[in-house]
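Novice: Structure provided below as structure tokens; questions to follow.
Just so it is clear, none of the values below were taken in a lab; they were calculated from the coordinates. This structure is a prediction, so every number in the text was calculated from the model and none was measured. So basically every Cβ, Gly included, is an ideal-geometry build from the backbone, and we count neighbours across all protein chains shown.
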Amino acid sequence: MTDVEPKLSVKRENEDTLEAADSKRARLDANGDEPSATPVGVRKHSRDQTADENGADTKRVRQTPVKTEVKSEPAAASPRKAATPKGKYAEADSDSESESNSDSDADDKKSLAARLASKAKASPKPSPKAKAAAPSSAKKAPTPKKAAKKESSDEESEESEDSSEDEDDGSDESGSDSGSDDDSDDEDAYDDEDAPKPKKPAVKKAASPKKAAASPKTKPAAGTSKKASKSADGDGAVTKKKKKADEDDEDVHKWWEEDLTAMLGDGSERWQTLSHNGVMLAPEYVALPPQAFFKYNGQKVALSLPTEELIGFYAAMLKSDYVTKDKFNENFMVELRKVMTKEEKALITDLAKCDFTVIQDYFEQQREIRKNRTKEEKAAIKAQNEELVKQYGFCLMDGRKERIANFRVEPPGLFRGRGDHPKMGMLKRRVVPEDITINCSKDSTPPAPPAGHKWKEVICNKTVTWLASWVDGISGHAKYVMLNSASKLKGLNDMKKYEKARDLKKHIKHIRRSYTEDMSSKEMAIRQRATALHFIDRLALRCGNEKDPEEQADTVGCCSLRFEHIKLEEPSTVHFDFLGKDSIRYQNSVDVEERVYKNLIIFQKNKEEGDLLFDRLTTTALNKYLTDFMPGLTAKVFRTYNASITLQEQLKLTPTDGSIHEKVLAYNRANRAVAVLCNHQRSVPKKFGEQMDKMDEKIEAVKKELNEARKVYKETKDEKKKAAVERLKARVDSLVIQKTDKDENKTIALSTAKLNYLDPRITVAWCKRYDVPVEKIYNKTQRSKFAWSMGVPTDFTF
DNA sequence: TGTGAGACTTGGAATAATCTTC
DNA sequence: GAAGATTATTCCAAGTCTCACA
């Protein structure tokens, strides 16, 4: 076994960096012109902007440009405005002039460790029973948190809002986040003004449906309830399955209640001991039966095994759009020729003459057979799968059993790149043990390779979190087998990510002021950096690293925007239109500050299609600049920060006296606002229209029933009939809410934001405040992923 | 200083499992 | 209990970012 020396020097901050940060800050403060207030360009969510549902061309593409105000003028009055007075941002921003030079010191890793550690200390490990009894009300005892206090005392007192915030960060983490994010919080004001403004539900408040009506007394506290959503709704006994879930919960390793300072360490070693059973390889190829044959030019052709396998891959994709793409077909033919025998090569030369349909039909039959398996057969297969999970699905890390996320090695097939990927249709070859590097403890018994094979290498590298890796034949990049999202390693990383985004809140004013000032710099590179950062911050654009067009699809992010990706319209509108990650189209029209607009004119001058808009800027330079403000700050953190802040602000619109359905709708709307901001789109589900029609019919039917019931009550004045009327009314309201929610979700993908950008503590605290069972928002897997956040105090603020 | 390898997160679609309705 | 709808899970592509090295 090879012992791998840690090659990563994880300690990020050093004297130079801090000095640089401080001197930069001093320079900016000295220059100190008040920046113009520029609200976040959160695109307003409206159903108008949903994509056309007419088919393939419109897939995952926002069709209607959305105008976003990014100017400093107060936005038009909207229901959302009530949350924060107008003009708040500019007012509050002027207070920030005295921002302390010690910001970056306060934000270093030590500080994070202190905050996290204090959080751990503040959440004394309650017995499961005690926790279940009073989870949300647990007031945290005051904790020392030296680092946090130091941080706080280092702040200049005139920075009253920030320092109070810092104090919060100290006590906050210990569970008494005082909710100082009141109206005087400048950042709140800022975000409030700019976050998307979804419409208020067009639904009248329903009498709480029977489930929602379960009294708070009897309802399990949000965030820690062990009951599944149904039970939380109050309609049933705890099933066997739920009991099992409860048992599983008992096994959870509550790492977040331990000493997090030690866990963070210097970051160079992620574990001490690791053992596992290796990976599950794709099965060997089995020849097709004689009835599944291939025809060329109308003639049945017997194929060699490798050729047949490839032909099979193609046949399996006949129903997809890929086979209509020239590049896919071209690459496939190249691959096919590589594996064909001499005779096959001589015969099979034209894809148009290939007939895969018999094989396709065979696959279809097999699918049907699988679908129609008997109960017993299904149970047997399930049991088999469970065995595999038992064998490969877990590892032992530092003495604890952890679930592995992807123990199955990716099977061979035709590469399905997204968008116009130059490699689509190429063969993703079979991964064999000789390709795989195993990572485990020196003192453990390495997993045995399959008989007759050996691993590429067995190493012991404690600085990484992967258990196995191999190089992907298509991209040439490594693929990894890693732990499940509920694991300690992933959870800790997640927690750190959100803490970093929260740290950004303390620096954001300064950063915004700084880049606003830089917009007028005489140096073109600085001006470009400032303008790009403005878009990253305001529009939540991705950073946009350089890409190789020969190897990857032509997609861009902010720094890689080209001349043709923006169009300028007098007096100050910028129209964005480009393909972002996963070739998802980003279309947005934004009114910008005059300075931004003028800069863009300059950046476009003497350029043509294909030229970089920010030609003097690299992502490395941008991130380097950001690190000077706050250690560990990169462009990506802005997305997390803006997403979480937006959620928090939008959740303030939750109706306090609404039904659970209405509250959940409010949550989904807040979630949706973030998804719109981050441009998380999905294709319209195939039967969307049909489903909506059915919902309409259902609503009409219940309304009819309601009218009948009303008539009967009017005639009889029977109290029982009155109750029936109430029930039906609630049902109509609930259905209308469901329909509204579904309709607004038509082209928006909510889960990405929920899983990756929204600090779960905001959600859990909201659940507790509004008496919404957390099961209504997070499913079981999500609750496991965010287990570390479940004990958050009710008044937590991001 | 630029480049590429390496490690990890983010992302939507496909598929499987479960729930609801008739 | 079958069919259809909904939700959860899996899959794997495609980003970001760091670090070592030339």
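Novice: When the dipole is taken about the Cα centre of the range A:265-485, and only Lys, Arg (+1) and Asp, Glu (-1) are charged at their Cβ, what size is it in debye, to the nearest 20? Don't jump to the answer; show the numbers that get you there.
Specialist: On the way: 34 positive and 29 negative charges, 52 e Å.
Its charge dipole is roughly 260 debye.
Novice: Work out the FRET efficiency for A:F563 and A:K624 from their Cβ-Cβ distance, taking R0 = 22 Å, and round it to the nearest 0.05.
Specialist: Approximately 0.30, to the nearest 0.05.
Novice: Give a residue-ordered list of calculated ³J(HN,Hα) values for the range A:752-762 (Karplus: 6.51 cos²θ - 1.76 cosθ + 1.60, θ = phi - 60°; whole Hz; x for Gly, Pro).
Specialist: Using θ = phi - 60°, the values come out as 4, 5, 4, 7, 10, 10, 9, 4, x, 5, 5 Hz.
Novice: Taking K and R as +1 and D and E as -1, what net charge do the other residues with C-beta under 10 Å from the C-beta of A:C395 add up to?
Specialist: Charge balance near A:C395 sits at +2.
Novice: Two decimals, Cα atoms only, Kirkwood Rh: what is Rg/Rh over the range A:265-485?
Specialist: 1.04
Novice: What do you get for trypsin sites (Lys or Arg not before Pro) in the range A:586-672 restricted to DSSP loop and a cutoff of at most 12 other Cβ within 10 Å of the site's Cβ?
Specialist: A:K605
Novice: To continue, here is another question. Find the centroid of the Cα atoms in the range A:769-790 and in the range A:335-412, then give the distance between the two in whole Å.
Specialist: When both Cα centres are located, 34 Å separates them.
Novice: For A:F294, what residues show an amide H to amide H distance below 5 Å, using hydrogens built from the backbone and excluding near sequence neighbours?
Specialist: A:V301
Novice: Further, regarding this structure: Say each of A:A287 and A:E570 gets a label point 7 Å from the Cα, pointing the same way as Cα to Cβ; how far apart are those two points in nm?
Specialist: Reported label-point gap for A:A287 and A:E570 is 7.5 nm.
Novice: Now for a separate question. What ranking do A:D693, A:D326, A:D494 get, fewest neighbouring Cβ atoms within 10 angstrom at the top? If you can, show how the numbers build up before the last one.
Specialist: Working: A:D693 11, A:D326 8, A:D494 19.
Ranked by crowding around the Cβ, least crowded first: A:D326, A:D693, A:D494.
Novice: List, in order, the whole-Hz ³J(HN,Hα) value for each residue of the range A:739-746 obtained from phi through the Karplus relation with A = 6.51, B = -1.76, C = 1.60 and θ = phi - 60°; use x for Gly and Pro.
Specialist: Ordered by residue, 3J(HN,Hα) equals 5, 4, 4, 4, 5, 5, 8, 3 Hz.
Novice: With a Förster radius of 35 Å, plug the Cβ-Cβ distance of A:K353 and A:V471 into 1/(1 + (r/R0)^6) and report the FRET value to the nearest 0.05.
Specialist: Efficiency, rounded to the nearest 0.05: 0.50.
Novice: Which loop-located GluC sites (Glu not before Pro) does the range A:542-578 contain, where loop means any DSSP state but H, G, I, E or B and the Cβ has at most 15 other Cβ atoms within 10 Å?
Specialist: A:E546, A:E550, A:E551
Novice: To continue, here is another question. Using only the Cα atoms of the range A:459-528, build the gyration tensor, take square roots of its eigenvalues as a ≥ b ≥ c, and label the shape rounded, prolate or oblate: rounded if a/c is under 1.5, else prolate if a/b is larger than b/c, else oblate.
Specialist: Note, shape of the range A:459-528 comes out oblate.
Novice: Another question about this same structure. Could you go through the range A:620-634 in sequence order and give the Karplus-derived ³J(HN,Hα) for each residue, using 6.51 cos²θ - 1.76 cosθ + 1.60 with θ = phi - 60°, rounded to whole Hz, and x for Gly and Pro?
Specialist: Each residue's phi maps through the Karplus curve to give 4, 5, 5, 5, 4, 4, 5, 4, 5, 7, 7, x, x, 6, 9 Hz.
Novice: Which residues' amide hydrogens lie under 5 Å from the amide hydrogen of A:I404, considering only partners 5 or more residues apart or on another chain, with H built in the peptide plane?
Specialist: A:F394, A:C395, A:N484
Novice: Treat each spin label as a single point 7 Å out from the Cα along the C-beta direction, and report the A:V252 to A:D548 distance in nm.
Specialist: Roughly 4.4 nm, to one decimal.
Novice: Across 10 Å bins from 0, what is the distribution of all Cα-Cα pair distances for the range A:258-333, in whole percents?
Specialist: Cα pair-distance distribution for the range A:258-333, in percent: 13, 27, 20, 9, 15, 12, 4, 0.
Novice: In whole Å, what is the distance between the alpha-carbon centres of the range A:721-747 and the range A:628-667?
Specialist: 26
Novice: Residues with amide H under 5 Å of A:V458's amide H, sequence separation 5 or more or different chain, H placed in the peptide plane at 1.01 Å from N; which?
Specialist: Those lying under 5 Å, H to H, from A:V458 are A:T2, A:I438.
Novice: So how strong a dipole does the range A:522-669 carry about its Cα centre when Lys and Arg Cβ are +1 and Asp and Glu Cβ are -1, to the nearest 20 debye?
Specialist: Result for the range A:522-669 is approximately 480 debye, rounded to the nearest 20.
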